[in-house]
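*Asks:* Could you have a look at this structure, given as structure tokens, before my questions?
The values are calculated or read from the model by the stated rules, or taken from the named source; none is laboratory data. In this text, all values refer to a predicted model and were calculated from it rather than measured experimentally. Note: ideal-geometry Cβ built from the backbone for every residue, glycine included; neighbour counts use all protein chains shown.
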Amino acid sequence: MSGDKPKADFSDVSGGFKSEAPIVKKADFSDVTGGFQSQAPIVEPEFQTYVVQKGDTLSKIAKEHYGKSSKYHAIFEANKDILKDPDHIYPGQELKLPKLDD
């Protein structure tokens with residue numbers, strides 16, 4: 001092909017780099033053991049969560065989780081931030097189920 005420029009020839013070029021920095025070996029942690037012991041008390045969560053399913057009512061959820069449908073008011077009180085009426089819950093809502101003292 002006429003008109004193409006000849007390509008540069010770098011076949012006789014050599015390069016090198018010498019560092020004065022010391023070579024540092026990687027740290028060896030193979031014999032390290034760890035342990036941690038906390039003095040903090042184990043804290044049980046104050047509630048668990050439940051996702052409302054189609055057909056659920058607070059009474060039904062209370063019966064399932066507390067054994068008594070009359071405990072629905074505890075669920076309602078714990079969820080007043082998202083519920084305005086205990087009769088209006090919707091599938092997909094995540095409710096807090098408070099831990100109740102028996």
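*Asks:* Checking Phe36 against (1) of a type in the set (Phe, Trp, Tyr); (2) surrounded by fewer than 10 Cβ atoms within 10 Å (Cβ to Cβ); (3) touching a strand residue (DSSP E or B) at 6+ places or on another chain (Cβ under 7 Å), only one condition comes out false. Which one?
*Replies:* Every condition holds for Phe36 apart from (3).
*Asks:* Being of a type outside the set (Asp, Glu) and either part of a loop (DSSP other than H, G, I, E, B) or touching a strand residue (DSSP E or B) at 6+ places or on another chain (Cβ under 8 Å) (or both) narrows it down to one residue among Ser19, Ser70; which is it?
*Replies:* Ser19
*Asks:* As an exercise: evaluate Ser11 against (1) touching a helix residue (DSSP H, G or I) at 6+ places or on another chain (Cβ under 9 Å); (2) polar (S, T, N, Q); (3) in a loop (DSSP other than H, G, I, E, B) and give the number of the one condition it does not meet.
*Replies:* Unmet condition: (1).
*Asks:* Which of the residues belonging to segment 39-57 are loosely packed, with under 10 Cβ neighbours inside 10 Å, part of a loop (DSSP other than H, G, I, E, B), at pLDDT 80 or above and of a type outside the set (D, E, K, R)?
*Replies:* Gln39, Ala40, Pro41, Gly55
*Asks:* Could you tell me which of the residues Lys60, Lys71, Lys80 is under 24 Å from Asp101 (Cβ atoms), modelled with pLDDT of 85 or more and in contact with a helix residue (DSSP H, G or I) (Cβ under 6 Å, 6 or more places away or on another chain)?
*Replies:* Answer to the check: Lys71.
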